[in-house]
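The values are calculated or read from the model by the stated rules, or taken from the named source; none is laboratory data. None of these values were measured; they are calculated from a predicted model. Virtual Cβ from ideal backbone geometry, glycine too; neighbours counted across all protein chains shown.
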């Protein structure tokens, strides 16, 4: 559908880059991803939400029905349409759109019935305070968020991928990784050696970024070319997870083994077990 001039396309980039956003976020886990909600005003990250549903924000906002809803809500609330959907254009952060709680529910209804139920619960919990506004994010999730914007699209970092493949799934399984455990360091060293030997990669010449920890520490961390991302994902799924992760956690925090076992069972059902990992490890 071709949008008319009244459909609110423009508000997705309406705010200036120096707009101040609340730093207190509520993290809602959806599968292995997170959808964030501002604790101060309940606004939900629509970019995260659409991504979790494998849809795009512009598909929703370009509809005539969406424009009608936003104008009606703006009139009811006594605000401008631009205040209902706010773009975060802060330099150094990924561009994202934050929407009013009622817009989040309307968007979720468009996404699917399951998302409609889920987001309605988030908004209700936020209004009632039952989720604890400004609840502390897990340490390693905060670390991931603090460094995500530093990774160029041409490269990937070990932490990014470890969050996707290990840290977030373990959170979903009921285990929060303690601050003292940093498995991305173990995995990073192992993959660095493998990349030198199997990919012929000159790891000493790789670019780095300044990796910041929540306590303020800053260390240089390697950036790997994105063309090797497939190899890394195969390595973590087929080598580190099934052959190294159990020993890593057994020695450091045996309580993690239950969550790890759940993740590995899912992986084995998908890949057919350890046969692939053994072959790859022996290359």
task: Within segment 249-268, track down each residue that is modelled with pLDDT of 85 or more, in contact with a helix residue (DSSP H, G or I) (Cβ under 8 Å, 6 or more places away or on another chain), surrounded by fewer than 19 Cβ atoms within 10 Å (Cβ to Cβ) and within 20 Å of residue 32 (Cβ to Cβ).
output: 257
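Which is more than 30 Å from residue 261 (Cβ to Cβ) and in contact with a strand residue (DSSP E or B) (Cβ under 9 Å, 6 or more places away or on another chain), of 171, 210?
On the way: 171 fails: more than 30 Å from residue 261 (Cβ to Cβ).
Of 171, 210, the one residue that is more than 30 Å from residue 261 (Cβ to Cβ) and in contact with a strand residue (DSSP E or B) (Cβ under 9 Å, 6 or more places away or on another chain) is 210.
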- request: Go through (1) at pLDDT 90 or above; (2) under 26 Å from residue 249 (Cα atoms); (3) surrounded by fewer than 13 Cβ atoms within 10 Å (Cβ to Cβ) and name the single condition residue 231 misses.
  value: (3)
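Kindly provide the set of residues from segment 214-248 that are part of a loop (DSSP other than H, G, I, E, B) and in contact with a helix residue (DSSP H, G or I) (Cβ under 6 Å, 6 or more places away or on another chain), ordered by number. Show your work before the answer.
Of segment 214-248, the ones part of a loop (DSSP other than H, G, I, E, B) are 214-217, 223, 244.
Scanning segment 214-248 gives a single hit, 214.
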message: Any residue that is touching a residue at least 24 places away in the same chain (Cβ under 8 Å), assigned to a loop (DSSP other than H, G, I, E, B) and under 21 Å from residue 142 (Cα atoms) - is there at least one of those in segment 43-54?
response: yes
- request: Would you mind finding the one in 175, 209 that is in contact with a helix residue (DSSP H, G or I) (Cβ under 9 Å, 6 or more places away or on another chain), assigned to a loop (DSSP other than H, G, I, E, B) and assigned by TED's automatic domain parsing to the domain that holds residue 255?
  value: 175
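Out of curiosity, is residue 70 in a helix (DSSP H, G or I), crowded, with 20+ Cβ neighbours inside 10 Å and either at pLDDT 95 or above or touching a strand residue (DSSP E or B) at 6+ places or on another chain (Cβ under 7 Å) (or both)?
For residue 70, the condition - in a helix (DSSP H, G or I), crowded, with 20+ Cβ neighbours inside 10 Å and either at pLDDT 95 or above or touching a strand residue (DSSP E or B) at 6+ places or on another chain (Cβ under 7 Å) (or both) - is not met.
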- request: Could you check how many residues of segment 99-142 are modelled with pLDDT of 80 or more, loosely packed, with under 15 Cβ neighbours inside 10 Å and outside any helix (DSSP H, G or I)?
  value: 1
- line: Residue hits (segment 183-214; within 15 Å of residue 141 (Cβ to Cβ) and surrounded by fewer than 17 Cβ atoms within 10 Å (Cβ to Cβ)) are 212, 213, 214
